[in-house]
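The values are calculated or read from the model by the stated rules, or taken from the named source; none is laboratory data. None of these values were measured; they are calculated from a predicted model. With ideal geometry, Cβ positions are generated from the backbone for all residues, glycine too; neighbour counts draw on all protein chains shown. Remember, those area values only see protein heavy atoms, side chains included, never the ligands or the DNA or RNA. Shrake-Rupley method; radii C 1.70, N 1.55, O 1.52, S 1.80 Å.
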Amino acid sequence: MKLIYEKSVKGRCGVELPSSDVPKAPSLPGNLLRESAPDLPEISELDLVRHFTGLSRLNFSVDGNFYPLGSCTMKYNAKILENVAALFSTFHPVTALLPDGEKFCQGNLGLLYDLSQLLADITGMDEMTTTPMAGAHGELTGILMISAYHRKKGNRKRYVVVSDSSHGTNPASAAMAGYGIITVPTAPYGDMDMDLFRKAMNEDVAAVMMTCPNTLGLFNPHIREIADIAHSFDALMYYDGANLNAIMGKVRPGDIGFDVVHLNLHKTFGAPHGGGGPGAGPVGVKSELVPFLPLPRIVMNDEGEFEVQSENLESIGRVANFFGNFGVMVKAYAYITMLGREGLIKASELAVLNANYLKEKLKKYYELPYDLPCMHEFVFSASRQAANGVHAIDIAKFLIDRNFHPPTVYFPLVVREAIMIEPTESESKATLDAFVVAMAEAARIAERDPQALRDAPVSTPVGRLDETKCAREQKVCFTG
Amino acid sequence: MSFYFTKDHEWARVEEGRAVIGISRHAADELGDITFVDLPKEGKEVRQSDAIASIESVKAASDIYSPVSGKVIRVNEALEKMPELINENPEEAGWLVRIEMTDPDELQKLMTQAEYAEYLKKS
Amino acid sequence: MNDRHYAPHTDDEIREMLSETGIERIEDLFVTIPEELRARVFNVPPGMSEFETFERMKRIASDNSKEMLYFIGGGFYDHLIPAVVDHLAARSEFYTSYTPYQPECSQGTLQALFEYQTAICRLTGLDVSNASLYDGATACAEAALMAIRVTGRKKIIADGCLSPFSRMTVRSYLSNLDVELLELPPLDGLLNLEELERCLDGETAALIVQNPNFFGLIEDIAAIAEKVHAAGALLVASVYPLSLGILKSPGECGVDIAVGDGQSLGNPLGFGGPSFGFIAARKAFIRNLPGRIVGETADREGKRGFVLTLQAREQHIKREKATSNICSNQGLCALRALIFLSSIGKEGIARLASMNRDKAFHARELLSRIPGVTALESGQIFNEFTIALPVSADLVAASLLNRGIAAGLPLGRYYEGSENCMVVTVTEKRSRKEIELLALAIGEALQ
């Protein structure tokens, strides 16, 4: 499809702008003025609509396709959430920061406060901040609070411990906050190697970051012991909540030794992913970390009114402009309100059922390196197929031809040729069965006609793209 | 000319008393099409096993560890424009850096060509 | 009610699936979780239907005041949004897709982001842009970290006319790093060039300025750039993207990294989010950009297509050595900005920017006529300006809020000695009548 810039015609106009009803201001001095207007597209409204409608049709999406992307929790995004968010879209955030401004936005502030309470209950934490705008942003916020905690106690800590199966954001966030990283390998039983973990721990460790269930979809039975060891060195336990969809109502991270938790509202709580964002990554903490929560904080006063606290010397300060991705939080709040206690529990139960069902149905076709009861996701290895020259990526591309979005491939790094599948609770048995048929077909073709898989996809607007050429040429802006 | 290899698949060979460093054919093949090489500044002091460079392909980034201690006296500037030289000829045109060695005996702790071939077979 | 919202299985299907899985009861799926780790408390209230949820949310929304006339900005602005923006961004092929890691089935998102990057480059006059960041404040912080990577130096100067929200965010991001952060006190609402020269040294990685600045004044960016470059440091400018319809672009002024909040480009106020941050830079710095970047390439038959590129900089590959921990972007908000910019077009953005300036200029004249009110006129303005009142700006702002007018952002909380000052913002949406009403109301409040 042509770029919108290639459809642009000089002098054409899209939307009609209002005319000004005030006198013209004297012109700016020449040294501040732009010589010519920025070269934006000039296109009629209908052509614009056709362009973006056309682009949208080139996408797979949850509304159009099963999307079993491991670690991403691509559940259905209820339509009502979009309607609900529209109720809250026109309020200026600075109003809440004006003198007495809070009283004009009690609805918004109350919603954030209530959402914090609900999320604190779901995770077993004492307080939450809803400001972080994504999971990784939550991680950074959490690690900054951990560093403030240690600074206040006079602890000199230099390292953060992560597992080699962790999300890349864990070590990246800790490094961004100034910590060195100690990576503990995964043992044959699918979790952090306990002996190596014990060896890695010392007085210099500020925090241990864990995902539980981990990225292999396994619940770590040693978690309590890990937390006890960490705490014995005054290291705090950080919970990466990317996989919370497996355990709502079953386990609360705060009950099993975690001190800091981040959640991904766009994964677990039904807000859409938006093609890569916006998300929201609220962070919960235990009481000893409450003083360090970022600003602004929303608190309830004695009259039951909500106030914005913008100053607090112990706080780590601001981590974003205002109150975070409020619109995403409105959706998550409506989702939790709608599902309620039983609905959330059922969501986790059925997400785990769907994952185990797929795992059992498919394990005769693919190598399952950790053959254990899984939680909401599991990881195959395409090692059997690789012996025949077919790689995880080839299977992924073949699935596109069968109208399925591929699972996550080549992650976690601890599994060779990894295929990571997370079906979520949203999918029907019929969809899962159709996916089994496609995966089985891929396994069969891998034996008979490996080249066919290497040539996939054949049904898409473009075939496999040359990523090496792209990385070498670096054309990231249209210059025509 | 004799090559010495590390377990991390770097090679070193001695030219006019200096060590030339690169990565093995095996490593270049494993990395796939190389898209970028991050080389150290000339003059940088390194110890044996320090990371001296990093090499990126589309889906991976790998640190390169120095087989010897010493000072970086030259880097292969051609790699900036043509990182693919490493794929094409990792042991000649695809060299990375030249190092003034402080302890040439370190080379003796590395693998010979034959030992490295054996090492690859085993792993 | 079966409490099985959006989970489609019937009881029969659940039984069948359990038996195929070799498990008797749902509860047995969780056997790997030791009993002593199970939740004892889970107090979320019972659920409700979609209809009841909507009613409840309407009630919560009604606890906000209905009508508010906005003359406040501070980083977020009340601009018009053409109807096409909402409609096209509401296509679920866009909003229910994920990060385009599989390019063959994500060309829609990828091409749109490539077009977005192009729009940002053209607005800022710089060579490369990423696919967006969280917001304007975090974009400032990411730019500071980027400048540290590029220069290998460890001192950041944040101008005091940079939004206090951005400055505080930069401070938090740098708080646990071995980096010196210096804040430069403003002079007459502008960057203090002499003081800047004293602070710049061989350790300075970057200066971060804002244009127009927090007081609404337009800085002489080219002059600042000259001083910064003379010290071998980079200039980071946080800019108001809509102002670039008329203002000289950061690239033309010598800025090395331009950042900003994209809310003004087709994203609603939404109580502060989601919007997006943008970051653009000179080509030489491309490998040091944080976040995702879309690039153009071709398939095996030579057909043009787009992919996420230079991923080896990112956290999922480079882990602790990544350029940033950022994993998501604000893709849907960036898409809205692209649709917005495409619908108003090249001439439209110039007109819209001029109209903002005209309205603010008119408002400044009217407010300056109120006895006791003076405007800060040490520089040119775009659509914001600072006024000094004869009394506490907090009092005036609070009294006008009660009349449904958010008259301005009082500065006392952010700048010592500025208790009587506030910043007034006037966008194209404010009519002449509304501006007159503001002047009238301020006059009455002062009586």
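DSSP loop GluC sites (Glu not before Pro) in region C:366-447 with at most 15 other Cβ atoms within 10 Å of their Cβ, which ones?
Numbers: sites: C:377, C:384, C:416, C:419, C:428, C:434, C:436, C:444; in loops: C:377, C:416, C:419, C:428.
Taking region C:366-447 and a limit of 15 other Cβ atoms within 10 Å, the loop GluC sites (Glu not before Pro) found are C:377, C:416.
Taking every C-alpha pair closer than 8 Å and separated by at least 6 residues, the mean separation divided by the residue count of region B:3-103 gives a relative contact order of 32 percent. Within a straight-line Cα-Cα reach of under 16 Å, residue A:364 can be paired with the following aspartates and glutamates, leaving aside sequence neighbours fewer than 8 residues apart in one chain: A:433, A:441, A:447, C:20.
When only Cα pairs under 8 Å and 6 or more residues apart are kept, what is the percent relative contact order across region C:194-335? Intermediate values should be presented prior to the final figure.
Working: 210 pairs, mean separation 22.0, N = 142.
Relative contact order of region C:194-335: 16 percent.
Near residue C:187, the amide H atoms lying under 5 Å from its own belong to C:192; only residues 5 or more places off or on other chains count, and H is placed 1.01 Å from N.
To the nearest 100 Å², how much accessible surface do chains C and A cover up together, summed over both, with a 1.4 Å probe?
17300
Determine by what factor the alpha-carbon radius of gyration of region B:62-123 differs from 2.2 N^0.38 Å, reporting the quotient. Working shown, then result.
On the way: Rg = 13.7 Å, N = 62, 2.2 N^0.38 = 10.6 Å.
That works out to 1.30 for region B:62-123.
Volume of the convex hull of region A:14-116 (Cα atoms only), normalised per residue: 286 Å³. Only lysine pairs 8 or more places apart or on separate chains count here, and in region A:82-337 those with Cα atoms under 22 Å apart total 7.
For B:123, A:459, write out the residues from largest to smallest accessible area, computed with a 1.4 angstrom probe and no ligands counted.
Details: B:123 105, A:459 75 Å².
Correct descending sequence by accessible area is B:123, A:459.
When the accessible area of chain C is split by element with a 1.4 Å probe, what percent falls to carbon and sulfur?
On the way: 7100 of 14450 Å².
Heavy-atom surface of chain C belonging to carbon and sulfur, 1.4 Å probe: 49 percent.
Dividing the alpha-carbon Rg of region C:262-357 by 2.2 N^0.38 Å yields what?
Numbers: Rg = 16.7 Å, N = 96, 2.2 N^0.38 = 12.5 Å.
My calculation over the Cα atoms of region C:262-357 gives 1.34.
Once the partner protein chains are put back, region B:47-83 shows a loss of at least 20 square angstrom of accessible area, versus the chain by itself, at B:56, B:58, B:59, B:61, B:63 (probe 1.4 Å, ligands and nucleic acids excluded).
Roughly what % antiparallel, to the nearest 5, for the DSSP beta bridges in chain C? Roughly 55 percent of the beta bridges in chain C run antiparallel, per DSSP.
Once Rh is set to the Kirkwood radius over Cα pairs, what Stokes-Einstein translational diffusion coefficient, in µm²/s, holds for region A:345-467 at a temperature of 37 °C and a viscosity of 0.692 mPa s?
On the way: Rh = 14.7 Å.
In µm²/s, the coefficient is 224.
Here is the result for region A:358-414: no GluC sites (Glu not before Pro) lie in DSSP coil with at most 14 other C-beta atoms within 10 angstrom of their C-beta.
For chain C, C:105, C:140, C:161, C:199, C:253, C:327, C:333, C:421 have no disulfide-compatible partner, since no other Cys C-beta lies under 4.7 Å from theirs. Around residue A:472, with a cut-off of 15 angstrom between Cβ atoms, what is the net charge of the other residues, counting Lys and Arg +1 and Asp and Glu -1? Charge balance in the 15 Å sphere: -3.
Note on chain A: the alpha carbon radius of gyration divided by the globular reference 2.2 N^0.38 Å gives 1.09.
Could you work out [θ]222 nm for the protein assembly as shown from helices alone, using -39500 (n - 2.57) per DSSP H run of at least four and dividing by all its residues? Round to the nearest 500 deg cm²/dmol.
On the way: 32 runs with 361 residues, N = 1050.
Helix-only estimate at 222 nm: -10500 deg cm²/dmol.
Enumerate the aspartates and glutamates that residue C:155 could reach by cross-link, defined here as Cα to Cα under 19 Å, with residues fewer than 8 away along the same chain left out. Straight-distance partners of residue C:155: C:142, C:178, C:180, C:183, C:194, C:195, C:197, C:201, C:203, C:226, C:256.
One equal scatterer on each Cα of region A:67-196, no solvent, Debye formula: the resulting log10 I(q)/I(0) at q = 0.16, 0.19, 0.20 Å⁻¹ is -1.12, -1.28, -1.31.
Sequence-distant contacts, meaning Cα pairs under 8 Å at least 6 residues apart, place the relative contact order of chain C at 19 percent.
Please check chain C for the longest run free of trypsin sites (Lys or Arg not before Pro) that are loop-located per DSSP (anything but H, G, I, E, B) and have at most 13 other Cβ atoms within 10 Å.
On the way: sites that count: C:25, C:40, C:66, C:300, C:303, C:369, C:403.
Between the exposed loop sites, the longest stretch runs C:67-299.
By the gyration tensor of its Cα atoms, with a ≥ b ≥ c the square roots of the eigenvalues, what is the shape of region C:249-295: rounded for a/c under 1.5, prolate for a/b over b/c, or oblate? Taking the square roots of the gyration eigenvalues as a ≥ b ≥ c, region C:249-295 is oblate.
Within chain A, DSSP assigns beta bridges of which about 55% are antiparallel (rounded to the nearest 5). Counting only residues at least eight positions apart within a chain, or on another chain, the lysines with an alpha carbon under 22 Å from that of residue A:7 are A:475, C:303, C:346.
How long are the semi-axes of the equivalent ellipsoid of the protein assembly as shown, taking √(5λ) for every eigenvalue λ of the Cα gyration tensor, in whole Å from largest down? Show your work: numbers first, answer last.
Working: eigenvalues 402, 254, 166 Å².
Semi-axes from the Cα gyration tensor: 45, 36, 29 Å.
All other residues with a Cβ under 11 Å from the Cβ of residue C:413 taken together, and with Lys, Arg as +1 and Asp, Glu as -1, what is their net charge? Here the charged neighbours net out to -4.
Just the number please: accessible area per residue for region A:391-480, 1.4 Å probe, all protein chains included, in Å².
Values: 3380 Å² over 90 residues.
Value for region A:391-480: 38 Å² per residue.
All other residues whose Cβ lies under 15 angstrom from that of residue C:33 are scored, Lys and Arg at +1 and Asp and Glu at -1, for a net of -2.
Label region C:69-146 by shape, choosing from rounded, prolate and oblate, from the square roots a ≥ b ≥ c of the eigenvalues of the Cα gyration tensor; if a/c is under 1.5 it is rounded, and otherwise prolate applies when a/b is larger than b/c, oblate when it is not. Each step should come with its number before you reach the end.
Values: a/c = 1.90, a/b = 1.19, b/c = 1.60.
Oblate is the answer for region C:69-146, as a/c is 1.5 or above yet b/c matches or exceeds a/b.
How big is D, in µm² s⁻¹, for region C:83-340 by Stokes-Einstein at 20 °C and 1.002 mPa s if Rh is the Kirkwood radius over C-alpha pairs? Can you show the working numbers first?
Numbers: Rh = 18.6 Å.
Stokes-Einstein gives a translational diffusion coefficient of 115 µm²/s.
Compute the Rg/Rh shape ratio of chain C: radius of gyration over Kirkwood radius, all on alpha-carbon atoms.
That ratio is 1.04, to two decimals.
By its C-alpha gyration tensor, with a ≥ b ≥ c as the square roots of the eigenvalues, how is region B:3-103 shaped: rounded for a/c under 1.5, else prolate for a/b larger than b/c, else oblate? If you can, show how the numbers build up before the last one.
Working: a/c = 1.62, a/b = 1.52, b/c = 1.06.
It comes out prolate by the Cα gyration axes.
Could you list the trypsin sites (Lys or Arg not before Pro) in region A:111-161 that lie in coil according to DSSP, counting only those with at most 16 other Cβ atoms within 10 Å of their Cβ? Sites meeting the loop and neighbour criteria: A:156, A:158. Seen against the Cα atoms of chain C and their longest principal axis, helix C:11-21 is set at about 80 degrees.
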